[in-house]
Amino acid sequence: MTSEPVLSPRYPGNWTRRHLLDVESLSADEITTILDTAESLKQATDGCRKKLALLAGKTCANLFFENSTRTRTSFSLAARRLGADTLDFSSSGSSLSKGETFVDTAKNIEAMGVDIVVTRHRTPGTPHLLAQNISCAVVNAGDGAHSHPTQGLLDILTIRQKRGRIEGLTVALVGDITHSRTARSNIWGLQKLGAHVIVCGPSTLVSRRWEELGVEVAHNLDDIVPRCDVMNLLRIQFERQSTRPFPSVREYALLYGMNRQRMARAKDDILILAPGPINRGVEITPDVADGPHSAILEQVTNGVAVRMAVLWLAAGARDAGS
Ligand code: CP
């Protein structure tokens, strides 16, 4: 008996974007193309485990100026799964401390024959600045509280895989919305694909101004739990806050943590997501994080698939002169 042949992924002929800077500027069709490409690459690499040669001869550089576990490693792995060489730049120990600018640093990395730069920086707009100054393809791996496009896309891919669609679903983003680039990327992508999005958290972290983006704002998690098809539980980003937005972490966990009692009031097929890193016992209890409704580690696998798709699409657009 022979096994099913794996179809070689086909590069989408209509793809013209060299850079991936945010989800806001993507059309619904472009988002769907990235998700479809990620699915085909995931299948062709046997669940992101095997290698293809789609980026053979290319070099991808990680320029990370902020800490990362998932994003940095999965971009490296994605590039290597597609046959690219990788370069990991670390700001600590670099000549930035001698006064070299961010753009000059990137230009020097580019001059070493790099094709794609993946960058994370605490300052919003940094990837956009790079895209204006270098000819490499630039991929945003998180810029301050602004955007984290591959995180939004991998969250949406996971929802689509688990629920078969995005349109018509009610998706709640719970937690520190104000400081979350993941929230913004989810909101843009989910709404473009037809989901109803609720942002929920204390009023100090979720203001009514979010309604201007077309989302529903809620301050009481217990009120919305029974309506949700998906809950994406976001970390409290203490490192981006100047004052504490609630009296204690324990109080936050009581009011906004997803726990066994709240799961009992949720839909039978509720899907639980978290972009990570998770703080067990704060935004999510261990039994929920590790429970049957959780797709947290599937999100991580899908992160490799989405990043393979983004790197391949970006490299192709650059080769075509876009
Ligand atoms: N979700 C996410 O961006 O995780 P890292 O900060 O570990 O990359």
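Nothing in this text is a laboratory measurement; each read-out follows from the coordinates by a stated rule. These numbers come from a predicted model, not from an experiment. No Cβ is skipped: glycine too gets one built from the backbone with ideal geometry, and neighbour counts run over all protein chains shown.
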(request) Report, in debye and to the nearest 20, how large the dipole of region 149-300 comes out about its Cα centre when Lys and Arg carry +1 and Asp and Glu carry -1 on their Cβ. (result) 180 debye
(request) Determine the calculated [θ] at 222 nm for the chain from helices alone, applying -39500 (n - 2.57) to every DSSP H run no shorter than 4 residues and normalising by the residue count; nearest 500 deg cm²/dmol. (result) -11000 deg cm²/dmol
(request) Please sort through the DSSP H helices of the chain and keep those with an alpha-carbon extent of at least 18 Å along the long axis and a Kyte-Doolittle average not below -0.5. (result) 28-44, 149-163, 296-319
(message) Given 37 °C and 0.692 mPa s, compute D for region 149-300 with the Stokes-Einstein relation, Rh being the Kirkwood radius over Cα pairs; round to the nearest whole µm²/s.
(response) 217 µm²/s
(message) Just want the ordering: Lys192, Lys50, Lys98, from fewest to most Cβ atoms lying within 10 Å of their own Cβ.
(response) Lys98, Lys50, Lys192
(request) Treat the count of other C-beta atoms within 10 Å as a stand-in for reagent exposure and order Tyr252, Tyr11 from fewest to most. (result) Tyr11, Tyr252
(request) Compute the whole-percent fraction of alpha carbon pairs in region 208-251 spaced more than 17 Å apart. (result) 54 percent
(message) Distances longer than 26 Å among the Cα atoms of the chain: what percent of all pairs is that?
(response) 46 percent
(request) Pull out the extension gain between Arg10 and Ser91, defined as 0.36 nm times the separation in residues minus the alpha carbon to alpha carbon distance; nm, one decimal. (result) 25.5 nm
(request) Calculate the dipole size of the chain relative to its Cα centre from +1 charges on Lys and Arg beta carbons and -1 charges on Asp and Glu beta carbons; express the result in debye to the nearest 20. (result) 400 debye
(request) Treating cross-link reach as a plain straight distance, find the lysines whose alpha-carbon is under 23 Å from the alpha-carbon of Lys192, omitting any fewer than eight places away in the same chain. (result) Lys162
(message) Could you work out how much longer the chain between Thr69 and Glu167 gets when fully extended? Use 0.36 nm per residue separation minus the Cα distance between them, nm to one decimal.
(response) 32.2 nm
(message) Taking the Cα centroid of region 60-124 and of region 259-322, what is the distance between the two, rounded to the nearest whole Å?
(response) 24 Å
(message) Counting other beta carbons within 10 Å of each residue's own, what order do Cys228, Cys200 fall into, fewest first?
(response) Cys228, Cys200
(message) How charged is the neighbourhood of His146? Take every other residue with its Cβ under 9 Å from the Cβ of His146, and add Lys/Arg as +1 and Asp/Glu as -1.
(response) 0
(request) State, to one decimal in nm², a quarter of the convex hull surface area for the C-alpha atoms of region 58-131, i.e. the direction-averaged projected area. (result) 4.9 nm²
(request) Subtracting the Cα-Cα distance from 0.36 nm times the residue separation, let me have the gained length for Ser25 to Arg280 in nm, one decimal. (result) 88.4 nm
(message) Checking the cross-link filter: which aspartates and glutamates have an alpha carbon closer than 20 Å to that of Lys107, excluding same-chain neighbours under 8 positions apart?
(response) Glu66, Asp85, Asp88, Asp115, Asp143, Asp319
(request) Using label points projected 7 Å from each Cα along Cα→Cβ, tell me how many nm separate Asn133 and Asp287, to one decimal. (result) 5.2 nm
